[in-house]
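Down below is the structure, laid out as structure tokens.
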Amino acid sequence: MERQLSLHIEESSLFSRRKKSYTTRHEDQWENINLALGTMLCSRCGEGFEEQEKIVNSNGELWHPQCFVCAQCFRPFPDGTFYEFDGRKYCEHDFHVLFAPCCGRCGEFIIGRVIKAMNASWHPKCFQCNMCSKELADLGFIKNQGRALCHDCNAKVKAAGLGKYVCHKCHGVIDDKPLRFRGEVYHPYHFNCSACGIELNSDAREVKSRPGYAANDMNQLYCLRCHDKMGIPICGACRRPIEERVVTALGKHWHVEHFVCAKCEKPFLGHRHYEKKGLAYCETHYHQLFGNLCFICNQVIIGDVVTALNKAWCEHHFACSVCDQRLSPKSKFYEFDSKPVCKKCYEKFPVELRKRLKKMHEQAAQKAISSPTPNP
Amino acid sequence: MDSAPVSCNFVGGSKMTKAKRVLEEAREIRNPELDLVEKGISAFEELPGLFSLEFVTRLTLSHNKIKVVPSSIATLVNLEILTLFNNQIEELPTAISSLAKLRILNVGMNRLRSLGRGFGASPSLEVLDVSHNKLSEEGLPGNFWMMETLRALYMGDNYFENISPELGRLKSLQILVIRNNNITYIPREIGNCTRLRELHVQGNVIQWLPPEIASLDLGTSRSIIRLEDNPLAPPIADQWALGPHHLLEYIKTDTYKTLYNNAHRSRR
């Protein structure tokens, strides 16, 4: 669950970075401070200084050069730069290792302003909204399912979780139907119809182009009433306006890609289509469904069709199934397993088979009379 | 021997000469369709030069007395239709399955006990007619049911007792004829033959129909279902008497599915 947190960014005063020039007193300066030598002690070891010995002066404290070292590694400070914490001086490296926070994003040491949030420390530049990468240090953030989000993104996530959109204009959740316009969603009431000026509702239509408008004109919004008056064709499949090429078929208008075969649903894209009972089919499926493939060549029948025995033939392929001799569509033939057999071949069948076929034929004929198949 | 033309008057010889004339003419005009119906041919050896006519797409040899189909049939590489109806063939050469363009093979009314090894490898076979032979399930090679191009299968008047559940692999099958065999049971897998629109199972010993048949398009005016002369179980027989449409509607019901499952519990 999302937890709303108040802005909690700490300004760190953990350390101050110093580069103090320390002075080394040489022989020629020696006499000036000669009298003071007896009272001066090293800040680290507490011992006095020998005559002609070098003295380090840092911020009013004095040191033997060998005592002016990092409290951790006991080595002199590179370039004389040291970091002070809790009264001790450290070289840059050891100070970072011991005390400086690491950024939760880039892993580098943080010098300067440290943002403490989401149980980690961050460079101000590195603490960003998980969705839009906006810097959050000065804007504040909301913790949402372990992510830091800016207020806008959080509102979007929240709305999406409720199945709702966030208005691109006012950033409020859209409770009713949104209005889509130029790729974004809005409260419809932010807009007025481009033609009649009425405040829009979600029925409003976005129109890309219309007669008299140049191709690069921006999309405009119209109320449904004005849109209908503009006479833009509506696709018979998706019920949306057609702004590109229009296909007119079956007494309706279609998007080119929505005028498809009723069986395989592939668009015709200008290829020939076949109509049957108010539906359109591609050549293959029309013939597959409505049976005009030739029993012999299994191809779509072009030209005259012979239909018999629940099958179809190209006229020149209609032949006796036993001797392959052509049959004229008018010639008499016998039925054998719902295939045609010419008289000559049938008479060569064994008597027993002919008897059986005759009986089967009679049974089937009887059946056809007693129980007509319902024709949907 | 030198006065060869004289023998034309001999009855058998006259038919032979006609066959030879058909071949000669075919060679001259490169006729792709060869009709040698009822020519008294008893062997392919009586058809000299036939196998060199590689342009032939149809060869019809119905009503002859051929006993053996030689392997050299495979040299007719363009053959699409081969009709050998009403001969005396006892077996088919394996080479027949290497005819890459063969679409229609009619070997009905012969003496086949087996289709020969590897028959199912025929790559283009669409219509196979083996009606009126002596085939049983033992006579079908292991790859028989792999012929996915098959759209019509005629196996009436044979000695089949079982149809393999592999029938369901014939995805293109539109016509299945298994009438006048001794088949007791139609496999449920027939439901996978979704394009089936003709089913002839008359004259078998079938009591029940698998419920899967109801999902096929067999009850419409564009389909044929023939069930006569089977010892149908009473509920099926009653519906069948009302018509195929009633029967298929009944088979769809849960009542029937329960009946069917109970009747086949021992089988499965």
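The values are calculated or read from the model by the stated rules, or taken from the named source; none is laboratory data. Bear in mind that the values here come from a model prediction, so they are computed numbers and not experimental data. Backbone-built Cβ (ideal geometry, glycine too); neighbour counts: all protein chains shown. Protein only, heavy atoms only, side chains kept; ligands, DNA and RNA dropped before computing areas. Shrake-Rupley method; radii C 1.70, N 1.55, O 1.52, S 1.80 Å.
Per residue, the accessible area of the protein assembly as shown comes to 54 Å² when a 1.4 Å probe rolls over the protein heavy atoms.
Buried accessible surface for the A/B pair, both sides summed and rounded to the nearest 100, is 3300 Å² with a 1.4 Å probe. Give me the Kirkwood hydrodynamic radius of region A:233-280 in Å, from all C-alpha pairs, to one decimal place? It works out to 10.7 Å. Projecting the Cα atoms of A:98, A:166, B:57 onto the charge dipole of the protein assembly as shown, computed from C-beta unit charges around the Cα centre, puts B:57 farthest toward the positive end. Expressed as a fraction of 2.2 N^0.38 Å, the C-alpha radius of gyration for the protein assembly as shown is 1.83. With all pairs of separate Cα atoms included, region A:291-363 yields a Kirkwood hydrodynamic radius of 12.9 Å.
When the residues A:330, A:229 are ordered by accessible surface, computed with a 1.4 Å probe over the protein chains alone, the sequence from largest down reads A:330, A:229.
Cα convex hull, chain B: 134 Å³ per residue, rounded to a whole number.
Per-residue SASA remark: residue B:28, around 150 Å² accessible (1.4 Å probe; ligands, DNA and RNA not included). Each residue of region A:323-339 was assigned a 3J(HN,Hα) from its phi angle through the Karplus expression (A = 6.51, B = -1.76, C = 1.60, θ = phi - 60°), giving 10, 6, 7, 4, 10, 7, x, 9, 6, 6, 9, 9, 9, 9, 6, 6, 10 Hz with x at Gly and Pro. Of the chymotrypsin sites (Phe, Trp or Tyr not before Pro) in region A:157-266, which ones lie in a loop per DSSP and count no more than 13 other C-beta atoms within 10 Å? Listed in order of number, the matching sites are A:213.
For residue A:143, list the aspartates and glutamates whose Cα falls under 19 Å from its own Cα; do not include residues on the same chain fewer than 8 positions away. Straight-line reach from residue A:143, under 19 Å: A:2, A:10, A:135, A:152.
As I understand it, the value is the acute angle between the Cα axis of helix B:11-29 and the longest principal axis of the Cα atoms of chain B; what does it come to in degrees, rounded to 10? Value to nearest ten degrees: 90. Nearest 10 degrees, 0 to 90: what angle lies between the long axis of helix B:254-264 and the longest principal axis of chain B (Cα atoms)? It is inclined by approximately 70 degrees. Near residue B:112: Cβ cut-off under 10 Å, other residues only, Lys/Arg at +1 and Asp/Glu at -1. The net charge is +1.
Basic side chains Lys and Arg get +1 at the Cβ, acidic Asp and Glu get -1 at the Cβ, and with that the dipole of region A:233-280 about its Cα centre reaches some 220 debye. Count the DSSP beta bridges whose two residues both fall in the protein assembly as shown, then state the antiparallel fraction as a percent rounded to the nearest 5. Percentage antiparallel, nearest 5: 65. Each residue of region A:66-82 was assigned a 3J(HN,Hα) from its phi angle through the Karplus curve 6.51 cos²θ - 1.76 cosθ + 1.60 (θ = phi - 60°); the sequence is 6, 8, 8, 9, 5, 5, 9, 9, 6, 10, x, 6, x, 6, x, 8, 9 Hz, with glycine and proline shown as x. Using only side-chain charges placed at the Cβ, +1 for Lys and Arg and -1 for Asp and Glu, the dipole size of region A:93-148 relative to its Cα centre rounds to 240 debye. In this Cβ point-charge picture (+1 for Lys and Arg, -1 for Asp and Glu), region B:42-121 has a dipole of about 240 debye about its Cα centre. A 1.4 Å probe over all protein chains sorts B:238, A:203 by accessible area into B:238, A:203, starting with the largest. Cross-link partners for residue A:89 among the lysines, with Cα-Cα distance under 19 Å and sequence neighbours closer than 8 places in the same chain left out: A:19, A:20. Modelled this way, with points 7 Å down the Cα-to-C-beta line, the labels at residue A:299 and residue A:203 are 5.5 nm from one another. Converting phi to 3J(HN,Hα) with the Karplus coefficients 6.51, -1.76 and 1.60 and the offset θ = phi - 60°, region A:42-48 yields 5, 5, 9, 8, x, 7, x Hz in sequence order, with x at every glycine or proline.
To make sure I understand the rule: partners must be aspartates and glutamates, Cα under 13 Å from the Cα of residue B:101, and not fewer than 8 residues away in the same chain. Which ones qualify? Cross-link targets: B:54, B:80, B:126.
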